[in-house]
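The values are calculated or read from the model by the stated rules, or taken from the named source; none is laboratory data. The structure presented is a predicted model; accordingly, all values stated were derived computationally and were not measured. Here the Cβ positions follow ideal geometry from the backbone for every residue, glycine too, while neighbour counts run over all protein chains shown. Only protein heavy atoms, including side chains, enter the accessible area calculation; ligands, DNA and RNA are left aside. Shrake-Rupley method; radii C 1.70, N 1.55, O 1.52, S 1.80 Å.
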Amino acid sequence: MQKVTIEPPDGYYDVTFNELSTQLEEEIETEIRPNFIFVMNESFWDPTRLPNLTFSEDPIPFFRSLQKNHTSGELIVPVLGGSTANTEFEVLTGNSIHLLPQGSLAYSQFVNHPHPSLASTLKNHGYETVAIHSYHDWFYRRNEVYTFFDFDRFESYRSFKNPEYRRNFISDLEVSKQIINEHQNSEGPLFIFAVTMQNHGPYNMRHYPEDRIQVTDMPEDITKVLNNYSTGVKDADDSLQLLVNYFRKIDDPTVIVFFGDHLPYLGAAYEGYTITGYLNDANPRFWEKDDYEKMYSVPFVIWDNFSDEKNADLRMSSSFLGAFVLEKYSQPQTPIMRFLNKTATKGAVVFSSRRDVNEFSPEDAKRYHLLQYDQLFGGQGPR
């Protein structure tokens with residue numbers, strides 16, 4: 001019941017949304033309107049970060065090659081092992097889960113009216129906006145939430161024609177093919193937000209007929225889990241390669257943003273992390289700052305086919321990612337996203353309820369809270 005009612009932050013009734021947003025007004029002129037393709041790949045992470053293991057081969061050679069030559073870094077995500085939609089919520093809106101009650105699922109509880117997002121911002125700029133998810137449309141209420149975010153269409157598993165299944169899920173490769181098909185049938189600039197499903201846990205079930213990646217030097221039960229997960233990561237890497245290779249050959253300027261939603265849940269009580277020595281203690285209550293960041297950091301890469309500019313070794317909260325991309329490619333932004341880009345110029349790119357991780361000043365944290373509360377609950381923000 002504590003999660004049902006959200007109280008306004010201190011000082012909310014002393015300001016108006018117009019006052020807050022006016023301070024964030026900024027004219028942006030864009031020379032080009034590239035296609036923006038965001039792919040949030042289920043549980044995507046680099047398993048070779050686990051120590052004391054031997055891998056038969058690198059599971060993510062293509063992703064790693066993009067990291068060397070294109071903008072890349074780490075996202076600090078709000079969830080671990082599940083609750084995918086919370087990372088998605090942060091990327092699409094610039095909002096932070098850390099400003100909601102602990103344990104909240106924003107899609108299920110709070111997104112119940114039109115809300116500014118990457119989709120609405122780019123749609124207002126002439127983009128066709130499409131959401132793709134290779135699973136049920138009702139999952140996390142996406143069929144309703146995407147309407148509130150102003151997507152033109154939502155293509156769920158029903159839209160895939162005779163797809164290949166891996167582990168009883170539509171494969172990542174089929175998601176890339178669906179994205180390519182959307183581009184081939186589009187007439188203007190395109191924004192796609194795609195969410196995969198193939199590498200969803202648990203990894204002690206729904207095994208592949210073959211292990212494309214084999215892990216050694218571990219007990220048999222955890223080896224099976226790691227082989228299963230790493231094979232899915234290898235498939236994800238192949239799906240990214242298919243996507244990039246297609247857009248390399250076309251003239252349309254295109255940006256591909258590829259990232260994971262959270263680390264995988266590798267066995268009961270984080271066994272895959274403790275038995276390999278990646279974690280010393282399975283209890284999150286005892287995690288130091290470094291342990292926390294290791295368990296909540298996922299890699300991302302931003303590839304495009306028209307720019308030579310590269311930003312290496314970036315680190316930011318997932319709520320910053322959408323804002324960062326719009327700023328990098330000189331696109332319009334929502335007030336919250338403009339605010340986040342301004343805090344980034346101060347060196348504050350991680351917002352967290354954990355004090356030793358949070359980089360926001362008290363003043364900026366308060367302003368962030370005011371902006372987010374107004375958009376989600378206040379009724380004063382743009383609809």
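Assorted remarks:
- Under the convention that each Lys and Arg Cβ holds +1 and each Asp and Glu Cβ holds -1, the size of the dipole of the stretch 59-212 around its Cα centre is about 300 debye.
- Mean projected area in nm² (Cα convex hull; one quarter of hull surface) for the stretch 256-339: 7.5 nm²
- Rounded to 0.05, the FRET efficiency of the ASN124 and ARG158 pair, given R0 = 30 Å and the Cβ-Cβ distance, is 0.60.
- The stretch 119-182: trypsin sites (Lys or Arg not before Pro) falling in loop per DSSP and having at most 11 other Cβ within 10 Å: LYS161
- Listed by chain and number, the aspartates and glutamates placed with their C-alpha closer than 15 angstrom to that of LYS123 are ASP150, ASP152, GLU187; residues fewer than eight positions away on the same chain are left out.
- Using the Karplus relation 6.51 cos²θ - 1.76 cosθ + 1.60 with θ = phi - 60°, the per-residue 3J(HN,Hα) values for the stretch 186-199 come to 8, 10, x, x, 10, 10, 10, 10, 10, 10, 8, 9, 3, 9 Hz, with x marking Gly and Pro.
- The mean accessible area for residues of the stretch 68-135, using a 1.4 Å probe and ignoring ligands and nucleic acids, is 27 Å² per residue.
- Under 20 Å from LYS234, Cα to Cα: lysines that are on another chain or at least 8 residues apart: LYS68, LYS177, LYS224
- Bridge orientation summary for the chain: considering DSSP beta bridges with both residues in this region, about 40 percent are antiparallel.
- Backbone geometry of the stretch 330-338 corresponds, through the Karplus equation with coefficients 6.51, -1.76 and 1.60 at θ = phi - 60°, to 3J(HN,Hα) couplings of 6, 10, x, 9, 6, x, 5, 5, 5 Hz, x marking Gly and Pro.
- Taking only protein heavy atoms and a 1.4 Å probe, the accessible area of the stretch 36-122 is 48% carbon and sulfur.
- Descending by average beta-carbon neighbour count within 10 Å, the peptides 222-234, 193-205 line up as 222-234, 193-205, the highest first.
- Per-residue Karplus couplings for the stretch 297-308, computed as 6.51 cos²θ - 1.76 cosθ + 1.60 with θ equal to phi - 60°, are listed in order as 10, 10, x, 9, 9, 10, 10, 9, 10, 9, 10, 9 Hz, Gly and Pro entered as x.
- Taking amide H positions as modeled 1.01 Å from N, with prolines and chain starts lacking one, the residues under 5 Å from LEU263 and 5 or more places away or on another chain are GLY81.
- A 1.4 Å probe run over the protein chains yields, for the stretch 197-303, 40 Å² of accessible area per residue, whole-number rounding.
- When ARG338, ARG33 are compared by accessible surface with a 1.4 Å probe, the order from highest to lowest is ARG33, ARG338.
- Solution diffusion estimate, µm²/s, Stokes-Einstein, the stretch 69-151, Kirkwood Rh from C-alpha pairs, 10 °C, viscosity 1.306 mPa s: 115 µm²/s
- Cα-only radius of gyration and Dmax that characterise the stretch 41-91, units Å: 13.3, 36
- A cut-off of 5 Å between modelled amide H atoms, ignoring neighbours fewer than 5 places along the same chain, links PHE36 with LEU190, PHE191, ILE192, VAL255.
- Between GLU7 and ASP217, residue separation times 0.36 nm minus the direct Cα-Cα distance comes to 70.4 nm.
- From largest to smallest, the equivalent ellipsoid semi-axes obtained for the stretch 238-383 from the alpha-carbon gyration tensor read 29, 26, 14 Å.
- Computed across the stretch 145-263, the Kirkwood radius stands at 16.1 Å (inverse of mean 1/r, all Cα pairs).
- Lysines whose Cα lies under 17 Å from that of LYS342, excluding same-chain neighbours fewer than 8 positions away: LYS328, LYS366
- In the stretch 276-374, taking the dipole from charged Cβ atoms about the Cα centre, the farthest positive-side position among ALA312, VAL298, VAL357 is held by VAL357.
- Sulfur and carbon atoms: percent of accessible area, the stretch 317-356 [1.4 Å]: 50 percent
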